[in-house]
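Reading through the structure tokens given below for one structure.
The values are calculated or read from the model by the stated rules, or taken from the named source; none is laboratory data. These numbers were taken from a predicted model, which means no experiment stands behind them. With ideal geometry, Cβ positions are generated from the backbone for all residues, glycine too; neighbour counts draw on all protein chains shown. These accessible areas exclude ligands, DNA and RNA; they are computed on the full protein's heavy atoms, side chains included. Shrake-Rupley method; radii C 1.70, N 1.55, O 1.52, S 1.80 Å.
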Amino acid sequence: MMQHIILCGGSGTRLWPLSNKQTPKQLLPLFEGNSLLQLAYLRNQVACDSVLAIVNEQHSATVEEQLLHAGATNLRMLAEPVGRNTAAAIALAAFVSAPETILLITPADHLIGTPDIYAQTIETAQLLAAGNSLVTIGLQPTYPETGFGYIQYSGHDVIRFVEKPDVENATIMLQSGDFLWNSGIFCCKAGILLQELQKYAPEIYETAAIAANEWLRTGQLSLAAMEEIPSTSIDYAVMEKSNKVKVVPSTMEWSDVGSYEALAQALVQHYQYHNHQAVSIESGNNMVIGKEKLVALVGVENLVVVNTPEALLIMKKGKGQEIKQLHQWVKENRPELL
């Protein structure tokens, strides 16, 4: 069995106003009453006998409540007073775990629509991790996405990591057939991860060790200790440098639910979502999310309407990336809405 490390950071800015600082996307109960966090726990409970959630301090009570409601029993919470990226979070998890414990590290905000393929993928990753490899899950790309990192591979061997490419290079990599999307899901022994971290990112290793020891003594992480840890990703700190890295290619259906288009597709495809507070007349291919008030659509197509008490968003499908600009405008002009 493994220990499930759930990374609960992430603000979900591309899903504003549905997602905000108080309730980021991974905590929204959109999926037949479950949140992305709860779905992440549920799909991994068979393979893992314990859970360690790395959370933003302000969300710790909600995360704990949701995980307990989903059935988690052997649960620990590590509340960060400030986020320091994935290398810090994963280092802390490794330091507070036994060296031989295999960690299954997953973000809290991913949606996976093929549980059987996912289970097979994780089983293979566990076997490779038991042999002292640092394992990452790679996804078969289906279009030239520029928002993900890529992994060039051969079998389970990693040839190189590629940062987020432009469209031209993403298209070349897609057509080559030997690149995968980097999913951000990892599997490894705690002790092996710490060995590689000490070798390639000693400052993170040393400062995270101090913070982890503090947590083991007191049950809390101080702001001062966390701020000493350099903020960088686990990919940059370790995975791109280590010679112990393996990859498991997977055809599982995966989404980081990083846009309203992705959310709308997931709700319709997997959850037969229907909003009873929406009326549609001579309209088609629209999605209304939120049930605060009646929304009537007349003679319109290809819209996403997000109906919240704080704000109303009306967006044409295909414009999801523009939410970043909107979020910046709100941050500068109406920060109380964030």
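For the range 231-338, which strands (runs of 3 or more DSSP E) that fit wholly inside it have 3 or more residues that are surrounded by 16 or more Cβ atoms within 10 Å (Cβ to Cβ)? Break it down stepwise before answering.
Numbers: elements: 245-250, 278-281, 287-289, 295-298, 303-307, 312-316.
Strands (runs of 3 or more DSSP E) meeting the threshold: 245-250, 287-289, 303-307.
Determine whether the range 180-189 contains at least one residue that is over 24 Å from Gln140 (Cα atoms), in contact (Cβ under 8 Å) with a residue 60 or more places away in the chain and assigned by the TED database to the domain that holds Glu57. Within the range 180-189, one or more residues are over 24 Å from Gln140 (Cα atoms), in contact (Cβ under 8 Å) with a residue 60 or more places away in the chain and assigned by the TED database to the domain that holds Glu57. Being touching an Asp or Glu at 6+ places or on another chain (Cβ under 8 Å) and either open to solvent by 50 Å² or more (accessible area, probe 1.4 Å) or assigned to a helix (DSSP H, G or I) (or both) is the filter here; which residues of the range 63-83 pass it? The one that is touching an Asp or Glu at 6+ places or on another chain (Cβ under 8 Å) and either open to solvent by 50 Å² or more (accessible area, probe 1.4 Å) or assigned to a helix (DSSP H, G or I) (or both): Asn74. Between Gly138, Gly147, Gly155, the distinction of being surrounded by fewer than 17 Cβ atoms within 10 Å (Cβ to Cβ) and within 17 Å of the chain's Cα centre (by Cα) belongs to Gly147 only. Of everything in the range 163-187 that is farther than 18 Å from Ser250 by Cβ and hydrophobic (A, V, I, L, M, F, W, C), the residue that is least open to solvent (accessible area, probe 1.4 Å) is Ala170. Taking every residue in the range 104-120 that is part of a strand (DSSP E or B) and pairing it with any residue that is open to solvent by 30 Å² or more (accessible area, probe 1.4 Å) and at pLDDT 90 or above, at least 6 positions away or on another chain, the pairs with Cβ-Cβ distances below 6 Å are Ile112/Trp254.
Residues in the range 98-119 that are closer than 11 Å to Asp256 by Cα and either among the aliphatic types (A, V, I, L, M) or open to solvent by 50 Å² or more (accessible area, probe 1.4 Å) (or both): Ala108, Leu111, Ile112.
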